Amino acid sequence: MYETILSPVNYGGLQLKNRIIFAPTTFGLPDEEYLAEVRRLAEGGCAMLIIGDVPVGKSKFEKSLFDAKGFAFYQQIVEIAHKADCKVCAQLHQSDSNMMAMLKYIPAVLAKKLTPDQLREKLNAEVEPYITKMPKRKIEAILAGFGKAAVLAKQAGFDMVQVHGDRMCGSFSSSIFNHRTDEYGGSAENRARFAVEAVKAVHAAVPEFPIDYKLAVRQEDPHYGNAGVLVEELPVFVPLLEQAGVTSFHVTLANHSALENTIPPASHPAFGQPGCFLKFCDAVRQYTRLPLCGVGGLNDPDFVEQQLASGRIQCAAMSRQLLADPEWVNKLQKGQAKTIHRCVRCNKKCLGGLMAHQGTRCIYDARREEK
């Protein structure tokens, strides 16, 4: 019944056993719990896990490929996934948060005078001067890091890398944040330069490796997202990224507004419907024939099958739905679609848990633990 979902696909040079991908997700869990979640997701039948926010340099805040402990942790993730016949993609990213600016807000956060949303607003306000004033030597060092990280990701066993097109790539791309007057600012071609050079660095370092690109699209009228690329700028950005070495696009809404926009609940005024970001895939499709991965409110197998069978997208990415029921794919294979725990997009324990520093979880967790 779900022939397309369950059929293999060549996704940008990587053969996947089916069309379902676990979308990059921040978990905020202790290592043991996180690895257990990786195991559940991989054994649940999805074709690939995208491991979010793998830094392109040494980091005090995240697991890094550039130190022995972090490298070994990523190797564990890969080993767990591969045992379940699940591919793994490393999402290479560089934060666009000004860490020095962040330090001045820590006392207010610790004293609970700043909520997580208020902190986010203040950090977003720091992005424009940080990107606009960044010295070229720092830009060059970060870009070189993308290539070095790709080499390490391959050595750790990852099957693919994804260049995170939000974060720093997205902020350089955005006319809202990027007010530079050199070759990295101004025109759409110039604002695309940082992302294009990041992809080129990866491609030069691991020439035959598949490169996914998280393409963050900014929407106007009504306005959502502040980083990323306007729909009108896609004719510039998409061909340049493809020429640089991108082999597939993971298309979504741009970040740097409220998290409820990029992780929209069912009650969201603009993105409450299933497949809420697929319209951005339609826009990207006009400028490339590369495989597209869609995301956003994809919880109904019948709806997902329709989008895949029509060729609108080649893969479907999910986070909240696979957290609600990691066995989503296995249940389809067994003819048990009616037993799937459907994500209701309430955001209570996933986004809510993360924002409360309790980790990304799900309202169905208690039911799962009872079994």
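Subtracting the Cα-Cα distance of residue 187 and residue 357 from 0.36 nm times their residue separation leaves 57.2 nm of extension gain. Shown for 1, 160: other C-beta atoms within 10 Å of each C-beta, ranked fewest to most, produce the order 1, 160. Extension gain, residue 76 to residue 208: 0.36 nm times the residue separation minus the Cα-Cα distance gives 45.1 nm. For the chain, complete DSSP H runs whose alpha carbons reach 27 Å or more along their own long axis and whose mean Kyte-Doolittle score is 0.0 or higher are 136-156. Of the options 70, 156, 278, report the single residue whose Cα projects farthest towards the positive end of the charge dipole of the chain (beta-carbon charges: Lys, Arg +1; Asp, Glu -1). Farthest towards the positive end: 70.
Suppose every K and R has +1 on its Cβ and every D and E has -1 on its Cβ; what is the size of the dipole of the chain about the Cα centre, in Debye to the nearest 20?
Details: 44 positive and 40 negative charges, 118 e Å.
So the magnitude is around 560 debye.
Within the set 69/148; 214/338; 83/331; 279/334; 69/154; 60/214, which residue pairs have Cα atoms separated by over 22 Å? Listed pairs above 22 Å: 214/338; 279/334; 60/214.
Which value in Å does the Kirkwood hydrodynamic radius of the range 13-79 take, with 1/r averaged over all unlike C-alpha pairs and then inverted?
Working: mean 1/r = 0.0770 Å⁻¹.
The Cα-based Kirkwood calculation yields 13.0 Å.
Going by a ≥ b ≥ c, the root eigenvalues of the Cα gyration tensor, does the chain fall in the rounded group (a/c under 1.5), the prolate group (a/b larger than b/c) or the oblate group? Rounded is the answer for the chain, as its axis ratio a/c remains below 1.5.
Can you give the FRET efficiency to the nearest 0.05 for residue 243 and residue 7, using r as the Cβ-Cβ distance and R₀ = 25 Å?
My answer for the efficiency is 0.25.
A Gaussian network model of the chain, with springs between Cα atoms under 10 Å, assigns the largest mean-square fluctuation among 87, 138, 349 to 138.
Using a Gaussian network model of the chain whose springs link C-alpha atoms within less than 10 Å, name the residue from 265, 274, 222 with the highest mean-square fluctuation. Per the Cα network of the chain with a 10 Å cutoff, 222 tops the list.
Assuming a ≥ b ≥ c are the square roots of the Cα gyration tensor eigenvalues, decide whether the range 279-371 counts as rounded (a/c under 1.5), prolate (otherwise, with a/b larger than b/c) or oblate. In terms of gyration-tensor shape, oblate. Applying a 4.7 Å cutoff between beta carbons, the unpaired cysteines of the chain are 46, 86, 89, 169, 276, 281, 343, 346, 350, 362.
Any read-out appearing in this document is the output of simple, stated calculations on the displayed coordinates, not a laboratory observation. Everything numeric here is computed off the predicted structure, so don't read it as measured data. Using ideal geometry, Cβ is built from the backbone for each residue, glycine included, and neighbour counts are taken over all protein chains shown.
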